[in-house]
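One structure is given here, and the rest of the page talks about it.
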Amino acid sequence: MSTTHTTVAAGADRYSLDVARIRGDFPILKQTMNGKPFVYLDNGATALKPEVVIDAEAGYYRELGANIHRGVYQFSETASALYDGTRTKVAGFIGAPDPRQVIFTKSATESVNLIAYGWALKNIVQGDEICVTEIEHHANFVPWQALAERTGATLRCIPLNPADGTLDLTGLDGLVNERTRLVAITAMSNVTGYMPPVAPVIARAKAVGALTVVDGAQWVSHSSVDVKTLDADFLVFSAHKMCGPTGVGVLYGREQLLEEMDPFLYGGDMVLRVRTDRTVFKEIPDKFEAGTPNIAGVIGFGSAIDYLLDIGMDAIHAHEQHLLSYAVEQMAAIDGVVCYGPTDLSTRGGILSFNVADAHPHDTGTILDQDGIAVRTGLHCAHPFMHALGVPGTTRASFYLYNTREEVDRLVQSVRRVREIFA
Ligand SMILES: Cc1ncc(COP(=O)(O)O)c(C=O)c1O
């Protein structure tokens, strides 16, 4: 681990980030919002970008500008090498055996849809079952619901315990059965930060011969990930939640499955030979990347991965855990504040969803905004989850490597103000 942004302190706080130094890497943190120093606690929606990522993206436009995989001239070849170099970095980041198992899409959402169109539409038929969970983000729920409707398959749902939003796995063997063809589960909830036990779900899916899709959109940005240990068939995530640019997603898949899958988009750059009567597609990963991709974004994503690795994912995770437990403790001291999610914080990433007495989450968010604090409010693209919890929405504060205890104090102070206003 590099010591550039990480200091190893004695005692319980084994990993402690040099947050002051990290903050200096993020130009947006120098801004004010509504005249107050900007506190960004909406990392669950998207992460801020360090200067190195912005530079890498702009550097492509300034110094290369060329399309990839097409030109025989130097700038095109350099751009191609940088683009494909990110693929190798992503593979290393998640422990994928081969960079060809990393497909670039435009988002985690598109990655799920690629599986739905490329594998599931071909393999799932009437009478089959697809199993999802009640805590999914819509990105890993709606495509499966739509696919079930289209194919005549049945959608089953692993329920949550309304008390704390954890998954109720007691009925797992019935929900994932010999008719199940695919199981889709998140590795970290975007509502509560809860990291459900995916291992028994994957094991059960394997036992009945079903494929597994893990939504890592929240998880991969906050934890050390190894797809070999995870042992899922597919993992999806987005660059923008891990300090990378928007417009870049990843689909990791088992090599053989990817080879068997149909392309989702057809066109240039994914073909080997086109005749008027038939087309031969390239091998993976190219057959899934039709058209000009987000070259600048992928190059910027490469820098984001370097940046995160330089700091260390374990150190980032430990820092977020520290902020989460501090925030939970502080919020618990405010009368009328209800926090959601399991009380065992070791099962959670750095996300805190809460409500303040009678205040609607949007009102809470508006008051926080006046105080210079950015949070997410509402249903968090997780309507089944919120419906099962029985709340009209929540306010969500989500932490990342550049957040501080002082920012948690600002949040708590502002929440106290909400409480006073809505007393
Ligand atoms: C858990 C989870 N899954 C999937 C997504 C979708 O990601 P994207 O919008 O980048 O496709 C999100 C986005 O917030 C998310 O939090």
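The numbers here are math on the coordinates, done by the rules we state, and not lab data. Every value quoted in this text rests on a predicted model; they were computed, and no experiment measured them. Neighbour counts are summed over all protein chains in view; Cβ atoms, including those assigned to glycine, are modelled from backbone coordinates with ideal geometry.
Ratio of alpha-carbon Rg to the 2.2 N^0.38 Å globular estimate for region 88-206, to two decimals, please. Walk me through the numbers before you get to the answer.
Working: Rg = 14.9 Å, N = 119, 2.2 N^0.38 = 13.5 Å.
Cα-based Rg divided by the globular estimate yields 1.10.
Determine the shape class of region 379-423: with a ≥ b ≥ c the square roots of the Cα gyration tensor eigenvalues, call it rounded for a/c under 1.5, and otherwise prolate if a/b is greater than b/c, oblate otherwise.
oblate
With no solvent and one equal point scatterer placed on each C-alpha of the chain, evaluate the Debye formula and give log10 I(q)/I(0) for q = 0.09, 0.12 Å⁻¹, two decimals.
These q points yield log10 I(q)/I(0) values of -0.58, -1.01.
In percent, how large is the relative contact order of the chain, given Cα pairs closer than 8 Å and 6 or more residues apart?
With pairs under 8 Å counted, the relative contact order is 23 percent.
Taking the mean number of other Cβ atoms within 10 Å as a proxy for protection, how do you rank 131-139, 315-323 from highest to lowest?
Per-residue mean Cβ counts within 10 Å order the peptides as 131-139, 315-323.
How high is the FRET efficiency between LEU345 and TYR266 when r is their beta carbon distance and R₀ equals 41 Å, given to the nearest 0.05?
0.30
Would you mind telling me the antiparallel percentage of the DSSP bridges in region 150-279, rounded to 5?
Antiparallel: roughly 45 percent of the beta bridges in region 150-279.
For the peptides 52-65, 24-37, 75-88, 295-308, what is the packing order when you average, over each peptide's residues, the other Cβ atoms within 10 Å and list the highest mean first?
By packing density, highest mean first, the sequence is 295-308, 75-88, 52-65, 24-37.
Near the amide H of CYS157, under 5 Å away, which other amide H atoms are found, from residues 5 or more places off or on another chain, if H is placed in the peptide plane?
Those qualifying (amide H under 5 Å, at least 5 residues apart or on another chain) are VAL132.
Show me, for region 372-380, the HN-Hα J-couplings you get by feeding each phi into the Karplus relation (A = 6.51, B = -1.76, C = 1.60, θ = phi - 60°), rounded to Hz, glycine and proline as x.
My calculation for region 372-380 gives x, 10, 9, 9, 9, 10, x, 9, 6 Hz in order.
Assuming R0 = 22 Å, can you tell me the calculated FRET efficiency for the pair GLU63 and THR246, based on Cβ-Cβ distance, to the nearest 0.05?
It comes to 0.55.
Reported to two decimal places, what Rg/Rh ratio describes region 169-246 when computed on Cα atoms with Rh from the Kirkwood expression?
Rounded to two decimals, Rg over Rh is 1.01.
Could you work out how much longer the chain between GLU259 and ASN123 gets when fully extended? Use 0.36 nm per residue separation minus the Cα distance between them, nm to one decimal.
Once the chain is fully extended between GLU259 and ASN123, it gains 47.5 nm.
Each residue of region 34-46 in turn: what ³J(HN,Hα) in whole Hz from Karplus with 6.51, -1.76, 1.60 and θ = phi - 60°, glycine and Pro shown as x?
Each residue of region 34-46 in turn: 6, x, 10, x, 6, 10, 9, 10, 10, 5, x, 7, 6 Hz.
For region 341-423, what does the alpha-carbon gyration tensor say about shape, rounded, prolate or oblate, given a ≥ b ≥ c as the root eigenvalues, a/c under 1.5 as rounded, and a/b over b/c as prolate?
oblate
Taking N as the number of residues in region 33-81, what value does Rg over Cα atoms divided by 2.2 N^0.38 Å take?
Numbers: Rg = 16.9 Å, N = 49, 2.2 N^0.38 = 9.7 Å.
Compared with the compact-globule rule of thumb, region 33-81 sits at 1.75.
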